[in-house]
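Enquirer: Have a look at this one.
Values in this text are rule-based calculations from the coordinates and carry no lab data. In this text the structure is predicted, and so the values were computed from the model without any measurement. Counting neighbours? That spans all protein chains shown, and the Cβs are built from the backbone with ideal geometry, glycine included.
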Amino acid sequence: MPECIFCKIIAKQIAVSPVYENDDVLVIRDNNPQAPVHLLAMPKKHYAAIHEVPAAEASLFSDLFAGIGKAVEQEDLSRHGYRLVVNSGEKAGQSVPHLHVHILSGRPLHWPPG
Ligand code: AMP
């Protein structure tokens, strides 16, 4: 997806300092943070949303969550607690159509979310 901003970041056409990276997953800092720590974890393979990932590709999810675990450990987020958010679809607040998990931490996170 050449026009996808996250694909451009993954392809290193846009420079960022990764928080965590392996062959399958990239974790970066959100450039418009909604909490003292706001990370974005994304699979390197482009899918717009969870429901578009075929069953045959389900290992994408274990890879993604393993990458999230690494970033959480590295940034010591379990100390404060952290919240994972996946906005899916424009009406749910998704602005970048490349599957990604927000990792929010560093402040009290209230429930229910807005
Ligand atoms: P969502 O609105 O759930 O699709 O989340 C997309 C997130 O990507 C937003 O929180 C944006 O602030 C963030 N974002 C967009 N472009 C960049 C970028 N170039 N670097 C880091 N974060 C970005």
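Enquirer: Give me P(r) over the range 5-105, computed from all C-alpha to C-alpha distances, binned every 10 Å, as integer percentages.
Expert: All Cα pairs considered, the percentages come to 15, 51, 31, 2.
Enquirer: A further question follows. Find the relative contact order for the chain and round it to a whole percent, using C-alpha pairs within less than 8 Å whose residues are 6+ positions apart.
Expert: In percent, rounded to a whole number, it is 31.
Enquirer: Using label points projected 7 Å from each Cα along Cα→Cβ, tell me how many nm separate Asp23 and Phe65, to one decimal.
Expert: Here the answer is 2.2 nm between the modelled labels.
Enquirer: Nearest 10 degrees is fine. How inclined is helix 59-75 to the longest principal axis of the chain, computing both from alpha carbons?
Expert: 40
Enquirer: Can you tell me the equivalent ellipsoid semi-axes for the range 58-114? Use √(5λ) from the Cα gyration tensor, largest first, whole Å.
Expert: Sorted largest first and rounded, they come to 20, 18, 8 Å.
Enquirer: Given only helices, namely DSSP H runs of n ≥ 4 each adding -39500 (n - 2.57), what is the per-residue ellipticity at 222 nm of the chain, to the nearest 500 deg cm²/dmol?
Expert: One gets -6000 deg cm²/dmol as the mean residue ellipticity at 222 nm.
Enquirer: Then there's this: Of Lys91, Lys70, how do they rank once you tally other Cβ atoms within 10 Å and put the fewest first?
Expert: Fewest-to-most Cβ neighbours within 10 Å comes out as Lys91, Lys70.
Enquirer: Here's a follow-up. Using Cα centres only, tell me the gap between the range 1-48 and the range 75-108 in whole Å.
Expert: 13
Enquirer: For the chain, set up a Gaussian network in which alpha carbons nearer than 10 Å are linked by springs, and say which option among Ile103, Ile14, Ile50 fluctuates the most.
Expert: So, out of Ile103, Ile14, Ile50, the one fluctuating most is Ile14.
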